[in-house]
Amino acid sequence: VSYGPVPLKSQAGASQLPEDDFFCDEAAPLWGPAGRGDLRIMRLLGANLVRLYGNNPANDHTNFLDEAHAEGLGVAPGMSDYPYYQQVPGSCLSTTDFNCFTQVKPMYLENLRKGFMRPDKTYHPSLKIMNILNEPDLKMPPTADTDGPEGPKKMCRALISAFDAMLDAEREAGVTGPLINFTATFSYAICASCQGPEGGPPLGPALGQMAILDDAMRNPGKYGYTPVNDITAAYMARFTHSFNLRGGAQDFQGRYLDAYARRFPATPLYVGDIRQAAGGGLADIGPLVDLSARGGLFLGAAYVRFDAAGGAGDQDAALGLFGHGASSVARMNYSGALSQVPCLAAEQDASSGISLPAAVAGAYGGCGIDEDALCSVNPWTVELTQAGYSRVAALGDASKMRVFVKRLVAHLGGEVSQGEGNSLEYFAHKYASKGASFFRLYSDLRASRWVAFDPAARCVVDRSAQPSLVAEAIERMCGYANTFSCDAIPGECGQNVYQKGDYVFSRYFKELSGYVNPLASCYSNGAAIYSTSRSYLQNTWSRQCVEGAAGLPQPAPLAAATDGGCQSETGQPSNSPQAAVPGAQSTGSTTARPSSTWAEDVSPERRSATKSSSSEEVGRIGEFLAMGR
């Protein structure tokens, strides 16, 4: 699925946003599980890859990549248009004669250092392919397809120099391990300026552009460029061709793929965007998916697009799987612009009346979503308080209460034990009414034998929280800290607010152990979660920043993307896994609390002095939440 959400309903409002990088931390209310949950929805529709557009290298992208990986989604980002022709001054179109090396290398190097590369210098496992430039034949220069032979030469010089720059950024950063592929996604135009083989007539849509790029990669000197790296070898080993398809995909095999295979028998291909006229239907998507499943060169296609892009004014706006509903699900502070995140509303095919998300789920083999629930109370986003519980209970829906309960279990450092799904169902039905209270639910939950608490749980940043909320909690906890200094945070843990929060929250909670319960002292208005080790160790940099995490064994991967996903009110998020934690402790005691490796070091005298009954502990929840502790 192609993803370029804009949390605004008008073209005028969308045009005022300072940037279009929506896989940064500030956009978490759009794609994160405690916001609108767009990534989870994609997974439920059956998607396996999300294609991105905007990319500001100054933003950290670790959180998005971690969340996509937890949902079983690959990620295909792209370099933004900025270094090519928007940078003023200094774009490679206007100042370096289409040699983009000096503009692109520092930007991609920053991408690597802010999420694309892990601490061990391998690529993040969610990254699958990097787009050098989207539709370069319409941009570098804009007349590359139509204005004579110099246009394609300039376009190719821009692409091969940018490719060389990215390879050099990898070299400087020391990237190792499995490497990702690169692409340049062409338009579906026929390049009249690109001669066919042996000077013959132009090839078909996008094929001419691919053919001349292939020649430039093999013979860069013909295009006025001397590479720093062996771009020919890298091209042959790590390149995938792609283009944006227009007008449907009828007879894609005979009309396009056969000709492509004759020209590029060893280079894989995918459709970057499949775009059809409004009301054109989705009949083509199924055959394309079937074609990709056969193996061979064709990898698949990305549907344009996830939502209506804020009324962006182009044909994409009419092709979104979702429009925007009347209510909002979260607030977002995006590059200083405050906005409400609108809920999603499923779009319908104009000719058939079929739900577009349902049609895509059918084609992709997904289980689909509950479209009626998209704008209702979301149990993933309500506060873990009496008010939040009341909103969910008012629905009278046990499936929604099940999600709320699992969230609460996750915030207590626990998981539902394997084989205890029926116990969870019974518990959810019991509390899916207006008659009970949050405190009673909490007490009952802490006494439940079907919950396993992780002895290696830690207080860490909730990756769905807004960076501003996390920053406020960090400042507050640093003011209370006694055993560590926030002025001495290691450099690797100060790269972004989430890593810094992991460092501070885990150490601050250790100071409080024995005095308070995890929900009261770690929740911090939604900025933090007392998380299982299975969950937080999936986060990049957790071993470096979370107190005591360096020596823990690597847990099995989360079950989020392999649990079938067909409980449509939810996809399992990254911080509430289903399977039990190895070594976790079940409890049936009303006074039991999640164990921790540091709690065991507390002296018996201190434990005795601070021990409280379950009712006393629950009674302190409101007090500590009010204090923001």
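Assorted remarks:
- A simple rule links phi to the HN-Hα coupling: the Karplus curve 6.51 cos²θ - 1.76 cosθ + 1.60 with θ = phi - 60°, which for the range 229-238 gives 10, 7, 5, 5, 5, 5, 4, 5, 9, 9 Hz, with x for Gly and Pro.
- Peptides 474-485, 96-107, ordered by how many other C-beta atoms sit within 10 Å of their residues on average, highest first, read 96-107, 474-485.
- Stretch gain in nm, segment THR96-ARG113, where the contour uses 0.36 nm per residue and the Cα spacing is subtracted: 3.5 nm
- Cβ-Cβ FRET estimate between ARG543 and ARG218, R0 fixed at 51 Å, reported to 0.05: 0.75
- If R0 equals 35 Å, the separation of the Cβ atoms of ALA436 and GLU371 corresponds to a calculated FRET efficiency of about 0.75.
- Other-chain or far-sequence residues with amide H under 5 Å of ASP307's (modelled H): GLY4, LEU321, PHE322
- Amide hydrogen neighbours beyond the local backbone of PHE186, cut-off 5 Å, H modeled: GLU135, SER242, PHE243, ASN244
- Percent RCO, i.e. relative contact order, over the range 78-239, from Cα pairs under 8 Å lying at least 6 residues apart: 24 percent
- For the range 466-503 versus the range 161-209, the gap between their alpha-carbon centres in whole angstrom: 43 Å
- In this structure the amide hydrogen of ASP462, modeled in the peptide plane, comes within under 5 Å of the amide hydrogens of ALA528, ILE529, none closer than 5 places in sequence on its chain.
- The order of the peptides 439-450, 348-359 by mean Cβ neighbours within 10 Å, most packed first, is 439-450, 348-359.
- Cα shape, the range 148-259, gyration tensor, a/c 1.5 rule: oblate
- The simple spin-label model puts a point 7 Å past each Cα toward its Cβ; for GLN418 and ASP120 those points are separated by 2.4 nm.
- Cβ-Cβ FRET estimate between SER335 and VAL88, R0 fixed at 22 Å, reported to 0.05: 0.70
None of the figures in this text is laboratory data; all of them are computed from the coordinates on show. Predicted model only: the values in this text are computed from it and were never measured. Cβ coordinates were reconstructed from backbone atoms using ideal geometry, including for glycine residues, and neighbour counts include every protein chain displayed.
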